[in-house]
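Below you'll find the structure, written out as C-alpha cells, and then a few comments.
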Amino acid sequence: METVPVSIIHSCTSNSPSKRTPTLTTSSSPRGNPLDLIQPDMLRVDQVIGERLTTEVPLVREVAQYIITAGGKRLRPALMLLMSGALGSFNVHRHTLAAVVEFIHTATLLHDDVVDESTLRRGRETANECFGNAASVLVGDFLYSRAFQMMVDVNNMRVMQVLSEATNVIAEGEVLQLMNMRDASLSEAAYLRVIRSKTAKLFEASARLAPILAGADAQTEALCATYGQALGTAFQVIDDVLDYEGKADELGKNLGDDLREGKVTLPIICALKSGTEAQQQLIRNAIEHSDMARLDDILAIILETGALRHARASAMNEAQRAVDAARQLPANAYTDALLELASGLMDRRS
C-alpha cells in the first residue's frame with residue numbers, strides 16, 4: 001500500500017514564523033463553481049444511484065432515498081470525477097465507482113446519526129428521527145453491501161483493495177471517536193487521527209480511484225491520494241469550526257451540536273489551551289456533563305481565545321497541501337477546478 005505523506009497541523013498556540021499560514025492561490029481564470037465542469041457526469045452518477053437502489057423491500061428504498069436526496073454536496077464522487085478529468089481518463093467505470101463512494105458515505109451518515117442521536121441533518125429531520133434507529137442501521141448495512149456488489153462488477157482488485165481498506169479505516173475512526181467522547185483531555189494529535197480516519201480516508205480513497213482506473217504510476221496515485229486526504233482533513237476542520245460560528249439555518253443542524261454530543265474538536269482543544277483556568281473549567285464541565293446551559297459563554301470564550309482563527313489557519317495549511325499536490329498534476333481545466341475546490345474551502349459557510 002502506497003504511503004500518503006501526512007503533514008502535522010501546527011500547534012494551536014504556535015507563533016513560530018516557520019509555521020505561518022500559507023497563502024492559497026488558484027488558477028488565473030476562475031470559472032465560478034469548480035463542480036460545474038462535471039455536471040453531466042454528476043447527472044449520470046445520480047442515474048446510477050437511482051438504478052442501484054432498486055429493491056423489493058419498500059422501507060429500504062424509502063430510507064435510502066430519503067437521505068441520498070437530502071441535498072448533500074456529493075463532494076466525494078465529484079472529487080473522483082474531477083481527478084479522472086485531470087488525468088485525462090474517462091474510464092467507463094467512473095460513474096459506477098462515484099456512486100459506490102456516495103453509497104459508502106451515505107451509510108456512514110445513517111450510522112453516525114444513530115450513534116450521535118442526531119435529530120437534524122441538512123436542515124431536515126435525520127432518517128433515524130423519521131424511521132427509527134433500527135431501520136437506519138439496517139439500511140446503512142444495505143448501502144454498504146450494495147456498494148460492494150457494485151465494486152465486484154468493476155472487477156478490479158486494486159479498486160476493491162482501496163475501498164475495502166477505506167471502509168475498515170472509517171469504522172475504526174467511528175470507534176475512536178466513540179472512545180474519545182466527553183474526554184476534555186483529548187490532544188490535537190488524537191483529534192487528527194479521528195478525522196483522518198473518519199472523514200479524510202474516503203476523500204483519499206475517492207481521489208485514488210481515478211489514477212487506478214487510468215492505469216497511472218505509483219507516484220501519480222500518491223499525489224492524488226495526498227490531495228484527497230488533505231482536502232478531506234481541511235473540510236472536516238472547517239466543518240468543526242462552523243459548529244461554533246455558523247448559523248443553524250445555513251448549517252442545516254443545531255449550533256453547538258458537537259459539544260452537546262460530547263465531541264471534542266479543534267476549536268475546543270485550542271480554547272482549552274489558551275483559556276484561563278476558569279474558562280477551561282467551564283468548557284470541561286460542558287464536555288463531561290453535557291451541560292449546555294452556558295453555551296453562549298462558551299462561544300464567547302472560543303472567540304476570545306482566538307480558537308476559531310487558529311483552527312481555520314490549520315485548515316488552510318491542509319488546503320495548501322492539497323493545492324501543492326494538485327499543481328503537480330497535468331495542467332488542464334479539471335486540475336484548475338481541483339485547485340479552486342481546495343482554495344474555496346476557506347470561504348465555506350455551510
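The values are calculated or read from the model by the stated rules, or taken from the named source; none is laboratory data. Computed from a predicted structure; not experimentally measured. Here the Cβ positions follow ideal geometry from the backbone for every residue, glycine too, while neighbour counts run over all protein chains shown.
One table, with the values for the structure above:
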{"read-out": "Checking P211 against (1) over 18 Å from the mean Cα position of the chain (by Cα); (2) surrounded by fewer than 23 Cβ atoms within 10 Å (Cβ to Cβ); (3) not basic (K, R), the condition it does not meet", "value": "(2)"}
{"read-out": "Any hit, region 325-347, residues being in contact with a Phe, Trp or Tyr (Cβ under 6 Å, 6 or more places away or on another chain), of a type in the set (G, A, S) and touching a residue at least 12 places away in the same chain (Cβ under 8 Å)", "value": "yes"}
{"read-out": "Filter result (charged (D, E, K, R) and either part of a loop (DSSP other than H, G, I, E, B) or modelled with pLDDT of 90 or more (or both)) within region 249-261", "value": "K253, E261"}
{"read-out": "Residue list for region 140-168, restricted to those being farther than 20 Å from A210 by Cβ and in contact with a Leu (Cβ under 6 Å, 6 or more places away or on another chain)", "value": "G140"}
{"read-out": "Scan of region 321-350 for residues that are assigned to a loop (DSSP other than H, G, I, E, B) and under 19 Å from A311 (Cα atoms), ordered by number", "value": "R348, R349, S350"}
{"read-out": "Residue match in region 138-157 (condition: of a type in the set (D, E) and surrounded by fewer than 15 Cβ atoms within 10 Å (Cβ to Cβ))", "value": "yes"}
{"read-out": "Qualifying residue in region 262-280 (condition: modelled with pLDDT under 95, in a helix (DSSP H, G or I), surrounded by fewer than 16 Cβ atoms within 10 Å (Cβ to Cβ) and of a type in the set (A, V, I, L, M))", "value": "no"}
{"read-out": "A218 being at pLDDT 95 or above, more than 22 Å from L87 (Cβ to Cβ) and surrounded by fewer than 18 Cβ atoms within 10 Å (Cβ to Cβ)", "value": "no"}
{"read-out": "Answer residue from region 91-134, given it is crowded, with 22+ Cβ neighbours inside 10 Å and among the small types (G, A, S) and is nearest to the chain's Cα centre (by Cα) among those", "value": "A107"}
{"read-out": "Residue match in region 143-158 (condition: more than 21 Å from A225 (Cβ to Cβ) and under 20 Å from the mean Cα position of the chain (by Cα))", "value": "yes"}
{"read-out": "Pair list, Cβ under 8 Å, 6 or more apart: region 157-175 residue in contact (Cβ under 8 Å) with a residue 60 or more places away in the chain, other residue among the hydroxyl-bearing types (S, T, Y) and assigned to a helix (DSSP H, G or I)", "value": "T167/Y144; I170/T108; I170/S197; E174/T108"}
{"read-out": "Count of region 182-203 residues which are touching a Leu at 6+ places or on another chain (Cβ under 8 Å) and among the hydroxyl-bearing types (S, T, Y)", "value": "2"}
{"read-out": "Residue that is nearest to L272 (Cα to Cα) [pool: residues in region 179-225 that are among the polar types (S, T, N, Q) and part of a helix (DSSP H, G or I)]", "value": "N180"}
{"read-out": "All positions within region 64-90 that are under 22 Å from P330 (Cβ atoms) and more than 16 Å from the chain's Cα centre (by Cα)", "value": "L81, L82, M83, S84, G85, A86, L87, G88, S89, F90"}
{"read-out": "Members of region 221-248 that are modelled with pLDDT under 95, in contact with a helix residue (DSSP H, G or I) (Cβ under 6 Å, 6 or more places away or on another chain) and more than 23 Å from T106 (Cα to Cα)", "value": "Y244, E245"}
{"read-out": "Candidates I238, I302, filtered to the one that is under 19 Å from S197 (Cα atoms) and assigned to a helix (DSSP H, G or I)", "value": "I238"}
{"read-out": "Region 281-299, subset assigned to a loop (DSSP other than H, G, I, E, B) and among the aliphatic types (A, V, I, L, M), residue surrounded by the most Cβ atoms within 10 Å (Cβ to Cβ)", "value": "M292"}
{"read-out": "Residues (charged (D, E, K, R) and either under 11 Å from M346 (Cβ atoms) or within 17 Å of the chain's Cα centre (by Cα) (or both)) located in region 305-322", "value": "R312, E318, R321"}
{"read-out": "Residues that are of a type in the set (D, E, K, R) and closer than 15 Å to V100 by Cα, drawn from region 44-79", "value": "R44, D46, E51, R52, R74, R76"}
